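> Would you mind keeping the following structure in view while I ask a few things?
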Amino acid sequence: MLIVDIEKRLGDFSLGVRFEGESGVTALAGPSGSGKTSIVNMVAGLIKPDHGQLLIDEEVVYDGAKNIDLPVHRRRVGYVFQDGRLFPHLSVARNLEYGRWMGGLKHDAAQFKRVTELLDIAMLLDRRPGALSGGERQRVALGRALLMKPRLLLLDEPLASLDATRKREILPYFIRLRDETKLPMIYVSHDAAEVKALANRVVMLDAGRVVKTGGVDLL
Amino acid sequence: MPELSPEEWTAVALSLRVAVVATAVSLPFGIAIAWILARKSFPGKALLNAVIYLPLVLPPVVTGYLLLIAFGRRGLFGAWLAEHLGVVFAFRWTGAALACGVMAFPLMVGAIRLSIEAVDLKFEDAAATLGANKGWVFLTITLPLALPGIIAGAVLAFARALGEFGATITFVSNIPGETQTISAAIYTLTQVPGGDAQALRLVVIAVIISLVALIVSEWFGRRAGRRMHGI
């Protein structure tokens, strides 16, 4: 369960949105510049809203009125960035283990195996990020976010940097993830086909406001 | 090349010791200050920056004299340090290391600061979302990604420390076996008749040490650079 009710002024742009997310995939759709990435960054804690409230999994992670602002590293929110952001100096295996290491979690061989098999990345473990293709990189980034055992997964246009063939190749992994885990996800995209294939519900944004919420038939 | 005399060996060994200690001790401070200058904004930042770079523009003799006032036996800090911690800088090789460290500090901080500024904040953000607090982000992301610049900064500081003359001779004088580094020995030799040949030998050694340091640094830098590009 996720409740987003936030306001933020970024230069000339003003953002004011309220929506709720349940389990499954909530897509944030809308033209570029409508504030999708800013919302996701505020949920992650990378940007601080001006006012409002953020609840993740019943926990208040931000409340402007009560001066609550849980730091990023304690929010347990997995984030897959558009550009992957794999740490270039670490092997794929150590990238995958980074969240577990930082979170002080025990090694969970079963989960590691499940995730690397789900994403078909087991054969990449010894490689360095520079030696991966775009699609492999995004799969590893997704695996890295899953292995920190997040309570919410943020996906900010994770396929946008890939060509059409690669997109078709990776989308099934996201669908499998949606169907095989209970993990709530926020999926940012301006690609209607992607959203239709993946999302359970859609939040349509324009110019920093929610214009419509509903099922994928909104698109 | 003829054999070096024991006195010359002493000067070479002392120079290496002074430069190594000056670099090693100042490196943690250099990294800390460089990080602050690269990542933080606060009132007085311009002043801090100016103070750090001061030894680069002040006449070395002035820096040496200021060190004498501060860390001499009766100096502001020198007296306290000698009494409470038993650390004496005046006319000791440790004083030479202090002078060299101070003189080399701006070069070290400059190189490290540039490399920290070049570390993309997006990796630090990604690490934070994965549960790393600020300290761990620094240790596991920023520091390793800035490594080429840190090595370059350390080698630059080492080379600068090795060649330091003005501040050292002003602060701790020119005592053979204690504070007479290669530079001071060369200076002494050029002041006595017939010292030219000996001075030249030390000059050659200084050039060789500096060249080796730069080549080693370049090699490390390229290796680290490849690593940082994820290859």
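> Please go through (1) within 14 Å of chain A (Cβ to nearest Cβ); (2) buried (at least 24 other Cβ atoms within 10 Å of the Cβ); (3) not basic (Lys, Arg) for residue B:138 and return the number of the only condition it doesn't satisfy.
In the conditions (1) within 14 Å of chain A (Cβ to nearest Cβ); (2) buried (at least 24 other Cβ atoms within 10 Å of the Cβ); (3) not basic (Lys, Arg), residue B:138 misses (2) alone.
> Of the residues in segment A:197-219, how many are part of a helix (DSSP H, G or I), over 18 Å from residue A:145 (Cβ atoms) and under 17 Å from the mean Cα position of the chain (by Cα)?
Adding up the residues that qualify gives 1.
> Continuing with the same structure: Restricting attention to segment B:154-165, does a residue exist that is away from chain A (no Cβ under 14 Å), more than 30 Å from residue A:95 (Cα to Cα) and charged (D, E, K, R)?
Checked against the condition, which is being away from chain A (no Cβ under 14 Å), more than 30 Å from residue A:95 (Cα to Cα) and charged (D, E, K, R), segment B:154-165 yields at least one hit.
> How many residues does segment B:185-199 contain that are free of Cβ contacts under 8 Å to residues at least 40 places away in the same chain and either surrounded by 14 or more Cβ atoms within 10 Å (Cβ to Cβ) or within 14 Å of chain A (Cβ to nearest Cβ) (or both)?
Qualifying residue count for the region: 6.
> If I go through segment A:27-61 residue by residue, how many of them are away from every other protein chain (no Cβ under 13 Å) and under 25 Å from residue A:191 (Cα atoms)?
12
> Going through segment A:1-57 one residue at a time, which ones are without any contact (Cβ under 8 Å) to a residue 40 or more places away in the chain, part of a strand (DSSP E or B) and either touching a Cys at 6+ places or on another chain (Cβ under 8 Å) or under 29 Å from residue B:134 (Cα atoms) (or both)?
The one that is without any contact (Cβ under 8 Å) to a residue 40 or more places away in the chain, part of a strand (DSSP E or B) and either touching a Cys at 6+ places or on another chain (Cβ under 8 Å) or under 29 Å from residue B:134 (Cα atoms) (or both): A:10.
> Further question: Among what's in segment A:82-100 and is among the aliphatic types (A, V, I, L, M) and more than 9 Å from chain B (Cβ to nearest Cβ), pick the residue that is nearest to residue A:185 (Cα to Cα).
This residue is A:96.
> Another one. Out of (1) within 21 Å of the chain's Cα centre (by Cα); (2) surrounded by 13 or more Cβ atoms within 10 Å (Cβ to Cβ), the odd one out for residue B:212 is which?
(2)
One line per residue, one yes/no per condition, for (1) farther than 21 Å from residue A:137 by Cα; (2) surrounded by fewer than 15 Cβ atoms within 10 Å (Cβ to Cβ):
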residue: A:11; (1), (2): yes, yes
residue: A:43; (1), (2): yes, no
residue: A:46; (1), (2): yes, no
residue: A:49; (1), (2): yes, no
residue: A:54; (1), (2): yes, no
residue: A:81; (1), (2): no, no
residue: A:99; (1), (2): no, no
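> Counting only residues that are more than 10 Å from chain B (Cβ to nearest Cβ), part of a loop (DSSP other than H, G, I, E, B) and not small (Gly, Ala, Ser), how many does segment A:62-81 have?
Qualifying residue count for the region: 3.
For every residue, the table says whether it meets (1) within 12 Å of chain B (Cβ to nearest Cβ); (2) within 18 Å of residue A:197 (Cα to Cα); (3) surrounded by 22 or more Cβ atoms within 10 Å (Cβ to Cβ).
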{"site": "A:111", "(1), (2), (3)": "no, no, no"}
{"site": "A:123", "(1), (2), (3)": "no, no, no"}
{"site": "A:126", "(1), (2), (3)": "no, no, no"}
{"site": "A:132", "(1), (2), (3)": "yes, no, no"}
{"site": "A:140", "(1), (2), (3)": "yes, no, yes"}
{"site": "A:154", "(1), (2), (3)": "yes, yes, yes"}
{"site": "A:159", "(1), (2), (3)": "no, yes, yes"}
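> Restricting attention to segment A:51-66, which residues are out of contact with any Leu (no Cβ under 9 Å at 6 or more places or on another chain) and not small (Gly, Ala, Ser)?
Selection gives A:51, A:53, A:58, A:66.
> Quick check: is even one residue across segment B:32-46 part of a helix (DSSP H, G or I) and closer than 18 Å to residue B:163 by Cα?
no
> Identify, from the list B:119, B:192, the residue that is farther than 22 Å from residue A:145 by Cα, of a type in the set (A, V, I, L, M) and out of contact with any strand residue (DSSP E or B) (no Cβ under 6 Å at 6 or more places or on another chain).
B:192
> A follow-up question, please. Checking residue A:119 against (1) more than 22 Å from residue A:16 (Cα to Cα); (2) surrounded by fewer than 22 Cβ atoms within 10 Å (Cβ to Cβ); (3) away from every other protein chain (no Cβ under 13 Å), only one condition comes out false. Which one?
Single failed check for residue A:119: (2).
> Something else: Just name the residue that is farthest from residue B:210 (Cα to Cα) out of those in segment B:161-175 that are surrounded by 23 or more Cβ atoms within 10 Å (Cβ to Cβ) and not hydrophobic (A, V, I, L, M, F, W, C).
Taking the candidates together, the pick is B:168.
> Might you check whether a residue that is surrounded by fewer than 23 Cβ atoms within 10 Å (Cβ to Cβ), under 30 Å from residue A:40 (Cα atoms), among the polar types (S, T, N, Q) and within 12 Å of chain A (Cβ to nearest Cβ) occurs anywhere in segment B:126-134?
Yes, there is a match, as at least one residue in segment B:126-134 is surrounded by fewer than 23 Cβ atoms within 10 Å (Cβ to Cβ), under 30 Å from residue A:40 (Cα atoms), among the polar types (S, T, N, Q) and within 12 Å of chain A (Cβ to nearest Cβ).
> Can you tell me which residues in segment B:91-125 are assigned to a helix (DSSP H, G or I), within 14 Å of another protein chain (Cβ to nearest Cβ) and either in contact (Cβ under 8 Å) with a residue 24 or more places away in the chain or among the small types (Gly, Ala, Ser) (or both)?
Selection gives B:115 alone.
> Consider segment A:88-97. How many of its residues are surrounded by fewer than 24 Cβ atoms within 10 Å (Cβ to Cβ) and in contact (Cβ under 8 Å) with a residue 40 or more places away in the chain?
Matching residues across segment A:88-97 total 2.
Every number in this text was worked out from the coordinates using simple rules, so none of it is lab data. Given the structure is predicted, the values throughout are model-derived calculations rather than measurements. Cβ atoms come from the backbone with ideal geometry, glycine included; neighbour counts cover every protein chain shown.
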